[in-house]
Amino acid sequence: MRSRTATALTAVTVIAATLFAACSSDGGSSGPDSTPGATTIDSVATTAGGTSPGSGQVGDVVAGEAFPEDRCAANQAAGKITYLTGFDFAATASIVDILVAQEKGYYEDMCLDVEVTPSFSTANYPLVAENDAQFASGGSFSEVVQFSAANDAQLVVLAVEGPTAIDSLIVKPGTAAELTDLAGTTIGVKGKLPPSVAAMLAQAGLVEGTDFDTVLLDGFDPVQHIAIPSIVGFPGYKSNEPGQLERAGIEFDLFDPIDYDIPGSFGVIYTNQQFVDEHPSAVQDFVRATMLGLADAIADPEAAATIAVDRINAGGNPNFLSPEGETYRWTTDAALISGLTPSGTGYGVPQSGALQDELDTYAGVGLFGDAGAPNADAYLGDVVIASIYGTDAKVIWPS
């Protein structure tokens, strides 16, 4: 458990320090994992830079050299590419990197016409499955797999930026020193318990409906929720609700699944098999541009958050997001991504074993019903993202 009593400014400062320390130690000399597991992508080569055999080869992307004309033409043939965000234009993984890449013209450099549309992760899956949109942000790897497996959808996960669960359990201060102290209590939920939190509680011997109860909460305001007398606490994103409570000067305690070795993921980017088959170089270069945007966003979190806030305000801010909240959100996300990405591996490269552990763990709390845990490799297109990094774990980029 982590006690959270600091002000918002102090919290952001601490996280920023973590981020910059992590960034300074990043850049190992070895390249990204070059031996991904089985993948649904057969039409993109694994060579760095990436030729794209299948429907016709196009030129490689070579660092420092001109972008090949035939590759440009192949990417333009993909037409308008729609990217659906996971939550408005929030400054979070698999959204802010897209906004930075678009703002800096990285998609144009790859001859891609990308339109970014605000959406919500749970609304995105059927649209991408039908190729009505080509790429989208997913809440987690397990969330993408759950939809794909249940609906026989051919979704292909290309990047997993956050190699940990983003959820946490926020409780009133002094009510629980250990997870087992939550026995006999009631936890508020927005829909249902996130699987990472459910798995954390189950590991402590606490099963929903037997050892504790849950009750639906109204709205999304953690300041109101923590004041409800009948609940002990509620789940929330580490990058959101804690910051809101700190800025309001409200004390709380936090149980983080990462402290209990519960696997998870956030900041997932995926597409569909049809688009992969028809436009393999466009898929690869979309990921290339996005990962360069991610690297820039991690290097300068404040500038990245500003890009997101500007886009939020331009859209009328229907979800009432604040500059302070978005700065906290991205600083937190960026610290997690930078600090937890394996040394010598490019940002966003899926780690097959860890993702299988996520599916296995969440299957244990009923996420996949009686079907059991799916095979993680069946949903990974990790060969694409591995091929856009050089041996220095930096994005291969033309002149």
Exercise for the section: Among what's in the stretch 85-97 and is under 19 Å from PRO318 (Cβ atoms) and not in a strand (DSSP E or B), pick the residue that is farthest from the chain's Cα centre (by Cα). Expected result: ASP88
Practice task
Restrict the check to the stretch 222-230 and report whether at least one residue is surrounded by 21 or more Cβ atoms within 10 Å (Cβ to Cβ), touching a residue at least 24 places away in the same chain (Cβ under 8 Å) and either over 28 Å from ALA371 (Cα atoms) or out of contact with any helix residue (DSSP H, G or I) (no Cβ under 6 Å at 6 or more places or on another chain) (or both).
Solution key: yes
Practice task
Scan (1) buried (at least 24 other Cβ atoms within 10 Å of the Cβ); (2) closer than 26 Å to ARG71 by Cα; (3) among the aliphatic types (A, V, I, L, M) for the single condition ALA393 breaks and write down its number.
Solution key: (1)
Fill in the blank from the handout: Residues in the stretch 130-142 that are surrounded by 20 or more Cβ atoms within 10 Å (Cβ to Cβ) and in contact (Cβ under 8 Å) with a residue 60 or more places away in the chain total 9
Exercise for the section: Identify, by number, the condition in (1) within 23 Å of SER119 (Cβ to Cβ); (2) out of contact with any helix residue (DSSP H, G or I) (no Cβ under 6 Å at 6 or more places or on another chain) that THR391 doesn't meet. Expected result: (1)
Practice task
Scan the stretch 240-253 and report the pairs whose first residue is buried (at least 21 other Cβ atoms within 10 Å of the Cβ) and whose second residue is among the acidic types (Asp, Glu) and part of a loop (DSSP other than H, G, I, E, B), with Cβ atoms within less than 9 Å and a gap of 6+ or a chain change.
Solution key: LEU245/GLU251
Handout entry: Residues of the stretch 178-216 satisfying the condition of being surrounded by 14 or more Cβ atoms within 10 Å (Cβ to Cβ), under 27 Å from the mean Cα position of the chain (by Cα) and assigned to a loop (DSSP other than H, G, I, E, B)
Key = LYS190, LEU193, PRO194, ALA204
Exercise for the section: Filter the stretch 110-166 for residues that are among the hydroxyl-bearing types (Ser, Thr, Tyr) and touching an Asp or Glu at 6+ places or on another chain (Cβ under 6 Å) and give the result. Expected result: SER142
Handout entry: Flag for LEU155 being touching a strand residue (DSSP E or B) at 6+ places or on another chain (Cβ under 7 Å) and farther than 23 Å from ASP285 by Cα
Key = no
Exercise for the section: Filter the stretch 269-286 for residues that are in a helix (DSSP H, G or I) and surrounded by 24 or more Cβ atoms within 10 Å (Cβ to Cβ) and give the result. Expected result: VAL276, PRO280, SER281, ALA282, VAL283, GLN284, ASP285, PHE286
Fill in the blank from the handout: Subset of the stretch 221-242, residues under 22 Å from SER142 (Cβ atoms) and in a loop (DSSP other than H, G, I, E, B), comes to LYS238, SER239, ASN240
Practice task
Restrict the check to the stretch 329-341 and report whether at least one residue is among the β-branched types (Val, Ile, Thr), farther than 21 Å from VAL287 by Cβ and crowded, with 22+ Cβ neighbours inside 10 Å.
Solution key: yes
Fill in the blank from the handout: Here, helices (runs of 4 or more DSSP H) confined to the stretch 313-399 with at least 3 residues that are closer than 22 Å to TYR106 by Cα and in contact (Cβ under 8 Å) with a residue 60 or more places away in the chain are 323-340, 382-387
Problem - Residue in the stretch 370-381 that is over 30 Å from ALA202 (Cα atoms) and small (Gly, Ala, Ser) present - result: yes
Exercise for the section: Name, by its number, the condition in (1) in a loop (DSSP other than H, G, I, E, B); (2) touching a strand residue (DSSP E or B) at 6+ places or on another chain (Cβ under 8 Å) that does not hold for ILE250. Expected result: (2)
Problem - From the options PHE212, PHE234, residue that is outside the structural domain of ILE337 (by TED's automatic domain parsing) and free of Cβ contacts under 8 Å to residues at least 40 places away in the same chain - result: PHE212
Exercise for the section: May I ask you to say which residue of ALA78, ALA101 is modelled with pLDDT of 95 or more, surrounded by 18 or more Cβ atoms within 10 Å (Cβ to Cβ), assigned to a loop (DSSP other than H, G, I, E, B) and in the same structural domain as ASP300 (by TED's automatic domain parsing)? Expected result: ALA78
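The values are calculated or read from the model by the stated rules, or taken from the named source; none is laboratory data. Please read all numbers here as calculations on a predicted model, not as lab measurements. In this analysis, Cβ positions are derived from the backbone assuming ideal geometry, glycine residues included, and neighbour counts consider all displayed protein chains.
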